[in-house]
1. Can you give me the number of residues within the range 137-165 that are buried (at least 24 other Cβ atoms within 10 Å of the Cβ) and more than 15 Å from ligand 1 (Cβ to nearest atom)?
2. Suppose we filter GLY171, GLY162, GLY148, GLY102 for residues that are in contact (Cβ under 8 Å) with a residue 12 or more places away in the chain and farther than 23 Å from ASP216 by Cα; which single one remains?
3. Filter the range 53-86 for residues that are surrounded by 21 or more Cβ atoms within 10 Å (Cβ to Cβ) and free of Cβ contacts under 8 Å to residues at least 40 places away in the same chain; which is farthest from ligand 1 (Cβ to nearest atom)?
4. Sort out which residues of the range 366-396 are surrounded by fewer than 16 Cβ atoms within 10 Å (Cβ to Cβ) and in a loop (DSSP other than H, G, I, E, B), and write them in order of number.
5. Considering (1) modelled with pLDDT under 95; (2) away from ligand 2 (no atom under 16 Å from the Cβ), say which one ALA56 fails and leave the rest.
6. Criterion first (within 16 Å of ligand 2 (Cβ to nearest atom), closer than 29 Å to GLN280 by Cβ, of a type outside the set (S, T, N, Q) and assigned by TED's automatic domain parsing to the domain that holds ASP209) does MET72 satisfy it?
7. Residues to consider are GLY119, GLY112; find the one that is of a type outside the set (Val, Ile, Thr), assigned by TED's automatic domain parsing to the domain that holds VAL197 and in contact (Cβ under 8 Å) with a residue 40 or more places away in the chain.
Amino acid sequence: MTEVLRSALQHVQQREVERRDVLRLLGMSAAATAGLPTLTQFASAQDVALASAVIAGKSDDMIVHNDRSGVMETPLAMLREHRITPKDILYIRNNQILEPQGRSTDGASLEGWTIELRGAVAFPRVVDATTLADLPQEEVTMVLQCSGNGRSFFARAVQTRGTQWQHGGMGQVTFRGPKLSSLLETFDPPLNPSGDVRFVTAEGADAPDEGASRPDFEHSMPMQDVMDKAILAIEMNGEPLSGAHGGPVRLVIPGYYGTMNVKWVHRLRFEASESNNVNQIPRYRIPNDPIEPGTPIDYTFDNSTPNWRQRIKSTIFAPLNEAQVSAGDVEVHGVAWNDGVVGVTEVQISTDDGQTWHAAELEAPTGGYGWYEFRSTVNLPAGEHRIWSRAVDERGNTQPINGAILWNPSGYEWNGADYVDVVAS
Ligand SMILES: Nc1nc2c(c(=O)[nH]1)N[C@H]1C(S)=C(S)[C@@H](COP(=O)(O)O)O[C@H]1N2
Ligand SMILES: [Mo]
């Protein structure tokens with residue numbers, strides 16, 4: 001069974017989406033499926049492992065998209081229950097083979113873990129991870145979001161390849177650990193990457209998917225942001241960092257997409273150029289200029305940008321899509337966020353498909369990298385309604401009504417204005 005079909009079926013089981021959405025995800029019309037077994041028959045035959053069988057400690061209510069490497073999504077109804085997403089329901093996205101420590105949400109031990117520093121540094125150094133706990137600690141509450149989160153919505157234009165995430169390829173977590181810059185200062189003399197270093201490349205210790213000759217998982221990020229923001233996280237949500245989420249040590253860069261937060265980090269390279277690893281190019285990039293949905297593109301360093309800083313976005317937590325609500329005043333609640341470089345200033349709500357908008361009440365997170373909570377009341381007469389939300393930040397960045405203007409072949413960085421369809425009676 002294809003990955004998209006499996007995940008669609010799981011969604012049916014989770015009652016997250018209706019039959020017509022499943023057909024849309026599959027790119028089928030109802031007519032095209034005539035004569036095929038019903039979705040319920042498919043669902044009972046589906047053979048995706050439960051979340052806890054893939055990663056011990058994960059909730060079986062999670063939507064498992066891939067049970068081999070471990071890719072799982074948090075249903076929105078669960079995500080919205082917590083201000084800080086607990087580790088048993090936090091989404092998981094692995095690209096490579098799942099190493100033993102990645103198979104559990106237990107905290108991983110720092111004993112025996114090392115991180116190598118090399119590239120344009122005076123000489124390579126190996127850091128014993130246990131020493132990270134002795135450095136000054138930084139704590140950051142931030143949105144961890146896969147750059148593929150919301151990918152399924154590109155199918156409103158042309159379906160894109162990859163896991164058909166809905167809203168739950170994200171969570172809000174608190175990471176803690178020393179800043180990478182403070183580690184560099186501990187050396188005598190301090191380790192100062194030389195002048196032409198423009199990127200830091202972080203390598204994960206997880207084994208490549210198709211044999212040892214294949215490239216590892218690594219990403220390059222601009223040196224300045226890494227020096228200003230990155231921490232070597234050894235704790236998450238007040239506990240030793242879970243093995244499943246990159247423990248014992250993860251490079252965490254607040255405001256950046258999840259993929260740049262390299263798990264199981266065991267090497268950092270200070271270099272003049274971006275890595276040409278497959279995960280840096282052509283994967284995990286989007287075109288600099290809009291392209292027509294459905295068209296391919298040959299990525300170069302010049303015509304595209306990695307999934308670095310998160311685009312401004314909002315997600316409606318309540319009411320849920322397809323909810324039945326009582327006609328009259330209806331509470332709308334959700335979260336908004338951006339890359340944390342400037343503040344989110346407003347979340348706007350529309351019930352007339354964007355002709356008019358009104359501002360919701362907004363509560364800013366501490367630190368600026370977390371979720372802004374928004375609340376509003378809309379008055380809905382009996383009938384069908386679509387409730388929209390879009391966030392605006394200090395730079396005037398906002399979310400497009402037609403999210404497909406950012407269409408790209410791998411469906412990264414969806415940030416279309418969010419909506420839910422409800423029936424008021
Ligand atoms: N070493 C390593 N780091 C990784 C990945 C990976 O496959 N290997 N996946 C990345 C991607 S695409 C995402 S979205 C996040 C997911 O983090 P999580 O599994 O802790 O939720 O980890 C990132 N870091
Ligand atoms: Mo991701």
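The values are calculated or read from the model by the stated rules, or taken from the named source; none is laboratory data. Predicted, not measured: the structure shown is a model, and the values here were computed from it. Every residue, glycine as well, gets a Cβ built from its backbone with ideal geometry; the counts of neighbours run over all protein chains shown.
1. 2
2. Going through GLY171, GLY162, GLY148, GLY102 in turn, just one is in contact (Cβ under 8 Å) with a residue 12 or more places away in the chain and farther than 23 Å from ASP216 by Cα: GLY171.
3. MET62
4. Once the filter is applied, which keeps residues that are surrounded by fewer than 16 Cβ atoms within 10 Å (Cβ to Cβ) and in a loop (DSSP other than H, G, I, E, B), the range 366-396 yields THR366, GLY367, PRO381, ALA382, GLU394, ARG395, GLY396.
5. For ALA56, the exception is condition (1).
6. no
7. On the way: GLY112 fails: in contact (Cβ under 8 Å) with a residue 40 or more places away in the chain.
It is GLY119.
Listed here are the residues, each with its yes/no results for (1) surrounded by fewer than 24 Cβ atoms within 10 Å (Cβ to Cβ); (2) basic (Lys, Arg); (3) closer than 17 Å to LEU98 by Cβ.
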position: ALA207; (1), (2), (3): yes, no, yes
position: SER220; (1), (2), (3): no, no, no
position: GLN224; (1), (2), (3): yes, no, no
position: LEU232; (1), (2), (3): no, no, no
position: GLY238; (1), (2), (3): yes, no, no
position: HIS245; (1), (2), (3): no, no, yes
position: VAL249; (1), (2), (3): no, no, no
position: PRO254; (1), (2), (3): no, no, no
